[in-house]
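Below: one structure, written as structure tokens.
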Amino acid sequence: MRPFIRMLTPVLFLLMALTLSGCTESMIVLDPKGPIGESQKDLIYISTILCAVVIVPVLILTAFIVWRYRDKKGSKAAYQPNWEHSTKLEVTWWSIPIVIILALAIVTVKYTYELEPSKALASDKKPITIQVTSMDWKWLFTYPEEGIATVNYIKFPEDTPIRFQLTSDTAMNSFWIPQLGGQLYSMSGMAMTLHLQADEPGSYYGSGANFNGKDFAKMTFTADATSDEDYLAWVAEVKQTSPALTNEGYDQLTEPGPSDVQQFSSFPEGLFERIVRQYINGEGGPHANHGSHSSNAENGESTDSEATEHDMDHEAMNDEAANAGSSNSGEHSSHAGH
């Protein structure tokens, strides 16, 4: 019975591997649609192959040794009680892993530098900034350049770099669009930067990748990549047909609970900056009585002076994030999954 079980075990593992291989279509991480996601997929494949070079032979040899040198009647194997060293074997089982580890280290360092989340993507197009605030249990997105805001939904042009600025109003979470790139934490009191890009139009799944309460599973959102024309038309439609997000409206969003998709034609000026600084040196939080996002005209476009002020605030927050530590660069396991 025991020999039968020993022979059946590898067969079961093989069947399991073949069965799970049918799940590839649902593994959207391996179906990237942007340059960051593509590089991360390459890193996953390279790391897997390098590890398999060691693991697969070891598993095969383990099974062979167990079977070949098992205790059995009539065994004629030579008895060598004083054998204790073999230079060839020592060189083999030390040199191969060392070479693999060095190769894996070089690849990891190379991709870690290339996939640094705050590193801007090379492109002829100007990046679009989207400010991301994680809440219980929803995502608030503000567009400082367009003057609009959304909940659990974002839209941006294809083939255009997107500069995400991440923070949290409450507990730490992790922002993730699997087909575009790895996850990055959103933390209260910090403004993290993540650059992503979609190379083709599509509707991409986004979620919070961190357990943060009973409704964490509902912290999902849709990221639509469209043409430039469709994106501009959508922005104009939101400005014309959606209500404004007021401070009172933001207070309602901070109440714990999931939310449907919402769109707003404007939002309180400096909202993201106040969310970031609400726990710093006792500064007034986003719930303080501040004016709403002013505009140049009825369509809610910001004035040049306000845009400049936003840019200055953004740069200041980047300095704060850089001084806060190296957590931003360590996340890309997944830009490295980062």
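What follows draws every value from the coordinates through simple rules; no lab data is involved. Quantities reported herein were computed from a predicted structural model and do not represent experimental measurements. Note: ideal-geometry Cβ built from the backbone for every residue, glycine included; neighbour counts use all protein chains shown.
Annotations for the structure displayed:
- Residues Ile130, Ile101, Ile49, sorted so that the one with the fewest Cβ neighbours within 10 Å comes first: Ile49, Ile101, Ile130
- Trypsin sites (Lys or Arg not before Pro) within the stretch 204-249, DSSP loop, no more than 16 other Cβ atoms inside 10 Å: Lys214
- Selection among Ala236, Gly189, Gly206 by position relative to the dipole of the stretch 179-240 gives Gly189 as farthest towards the positive end (Cβ unit charges, Cα centre).
- Restricting attention to the stretch 111-218, lysine pairs at least eight places apart or on different chains and with alpha-carbon atoms under 21 angstrom apart total 6.
- Residue order, fewest to most surrounding Cβ atoms within 10 angstrom, among Trp67, Trp176, Trp234: Trp67, Trp234, Trp176
- Translational D in µm²/s for the stretch 125-189 (Stokes-Einstein at 25 °C, 0.890 mPa s, Kirkwood Rh from C-alpha pairs): 199
- For trypsin sites (Lys or Arg not before Pro), the sites in the stretch 20-106 that DSSP calls loop and that have at most 11 other Cβ atoms within 10 Å are Arg70, Lys72, Lys73, Lys76.
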